[in-house]
């Protein structure tokens, strides 16, 4: 638990200075709550770690894309790493400068390319030869030259869940690093592409520094070859992926990460601007989900704590088997029992925790699901025709609703009989 932002005060859990029981009673549950203090602190850790080299921190919008959260990033001078036209729209809506936006993603459409070219984003992270050809065509039709980097796949094992490992040779992401030199040569000869960068992203929720260092070594070698070919690479995009402490994990800090990659890149740095794309490490520990206990269902084999939050609200445990710490909002100092914390959705995979030691809770009481700030609300859905939760931002002693709870009418918007 990130005690700097979420802590017990006289037995009641608070987000900064805001009582979470009060929020649950006033706004209902499930409810996402974010700490503005934590977001600022986590983002600025990257700024401090790379302050001695030219750099740009582009927050990964897919982690949590609420406008209020993006506005915090913009206020700190941050940019955006986007993977869709919708994320471009969000980033521009809060005023993030196009010169601080990089467009990643393995499946960009012609329309999305045109929108990003019109906005004059800093760079397209291109993931295949066919994508480069299409982007050259779209840029030509618009009378523009598209600034690009190729996302190379260094075939480095990130030692993370296979669903979020993106740097292995069998991954759908990026191009094999051994093919990169030829693709850069081809791109240099395409009249509407301008190869100005080199990009790499090996995975998410990395809890060791060694994979980052190994990838940086391969990038440094490739940079030397590209320089021999007369390419003037100005940006090195290192991607994101730094993990957070979901459960008793030793995780590296932004300073650890920066120290490792700067040591490896060494002589390359004077000619480059480094780009980082942190997402989870910025907002993950800064958010939690409040849920309310509906029933205790005890069978001869299991004790189920049935809550009003479900896999449609937070899919990570069902999708990745991920661990999220769960604590009572009010600490009654009761004995612990082994339970399965499950939701109301009609799927056996709808759970928040299995075989978990949890303090006894009663119907009507609230629980906090920690580490839910990243890939929580942003991956939520309306499965089982369930309206999505509200989102709240705590800032000091005050809070504000930054997304209203969906209504039943919202579920039907756009549908016709």
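The values are calculated or read from the model by the stated rules, or taken from the named source; none is laboratory data. If you're wondering where the values come from, they're calculated on a predicted model, not measured in any experiment. Glycine also receives a Cβ, built like all others from the backbone with ideal geometry; neighbour counts cover every protein chain displayed.
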Next item on the list: Would you be able to tell me the number of residues in the range 350-389 that are over 24 Å from the mean Cα position of the chain (by Cα), surrounded by 15 or more Cβ atoms within 10 Å (Cβ to Cβ) and part of a strand (DSSP E or B)?
Entry: 4
Next item on the list: Within the range 105-161, count every residue that is crowded, with 24+ Cβ neighbours inside 10 Å and part of a strand (DSSP E or B).
Entry: 11
Notebook entry, point to check: Looking at (1) in contact with a strand residue (DSSP E or B) (Cβ under 6 Å, 6 or more places away or on another chain); (2) closer than 24 Å to residue 40 by Cα; (3) surrounded by 17 or more Cβ atoms within 10 Å (Cβ to Cβ), can you tell me which one residue 401 breaks?
Noted result: (3)
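Here's the yes/no breakdown for (1) touching a strand residue (DSSP E or B) at 6+ places or on another chain (Cβ under 8 Å); (2) within 29 Å of residue 205 (Cβ to Cβ):
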{"residue": "75", "(1), (2)": "no, yes"}
{"residue": "84", "(1), (2)": "no, yes"}
{"residue": "87", "(1), (2)": "yes, yes"}
{"residue": "91", "(1), (2)": "yes, yes"}
{"residue": "103", "(1), (2)": "yes, yes"}
{"residue": "109", "(1), (2)": "no, yes"}
{"residue": "114", "(1), (2)": "no, no"}
{"residue": "117", "(1), (2)": "yes, no"}
Next item on the list: For residue 196, work out the one condition from (1) more than 21 Å from the chain's Cα centre (by Cα); (2) modelled with pLDDT under 95 it doesn't fulfil.
Entry: (2)
Notebook entry, point to check: Where in the range 1-101 are the helices (runs of 4 or more DSSP H), entirely inside, with at least 1 residues that are within 18 Å of the chain's Cα centre (by Cα)?
Noted result: 36-49, 67-75, 85-93
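Matching residues to (1) surrounded by 15 or more Cβ atoms within 10 Å (Cβ to Cβ); (2) in a loop (DSSP other than H, G, I, E, B):
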residue	(1), (2)
293	yes, no
300	no, yes
312	yes, yes
317	yes, no
323	yes, yes
339	yes, no
348	no, yes
Next item on the list: Go through the residues of the range 263-273 one by one and say whether even a single one is at pLDDT below 90 and farther than 25 Å from residue 146 by Cα.
Entry: yes
Check: Checking residue 41 against (1) surrounded by fewer than 18 Cβ atoms within 10 Å (Cβ to Cβ); (2) outside the structural domain of residue 377 (by TED's automatic domain parsing); (3) farther than 18 Å from residue 397 by Cα, which single condition isn't satisfied?
Finding: (3)
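Residue check: is residue 316 under 22 Å from residue 361 (Cβ atoms), under 14 Å from the mean Cα position of the chain (by Cα) and modelled with pLDDT of 95 or more?
Values: under 22 Å from residue 361 (Cβ atoms): yes; under 14 Å from the mean Cα position of the chain (by Cα): yes; modelled with pLDDT of 95 or more: yes.
Yes.
Of the residues that sit in the range 277-291 and are in contact with a strand residue (DSSP E or B) (Cβ under 9 Å, 6 or more places away or on another chain) and in a loop (DSSP other than H, G, I, E, B), which one is nearest to residue 341 (Cα to Cα)?
From the range 277-291, those in contact with a strand residue (DSSP E or B) (Cβ under 9 Å, 6 or more places away or on another chain) are 277-283, 285-291; that's our starting set.
Pick out the ones that are also in a loop (DSSP other than H, G, I, E, B) and you get 277-279, 285-286.
On the way: 277: 33, 278: 30, 279: 27, 285: 21, 286: 22 Å.
Only one residue tops the list, namely 285.
How about the range 199-236: which of its residues are assigned to a loop (DSSP other than H, G, I, E, B) and either outside the structural domain of residue 256 (by TED's automatic domain parsing) or modelled with pLDDT under 90 (or both)? It would help to see each step written out before you state the result.
Restricting attention to the range 199-236, the residues satisfying the condition of being assigned to a loop (DSSP other than H, G, I, E, B) are 200-202, 204-205, 207-209, 229-234.
Across the range 199-236, the qualifying residues are 201, 202, 204, 205, 207, 208, 209.
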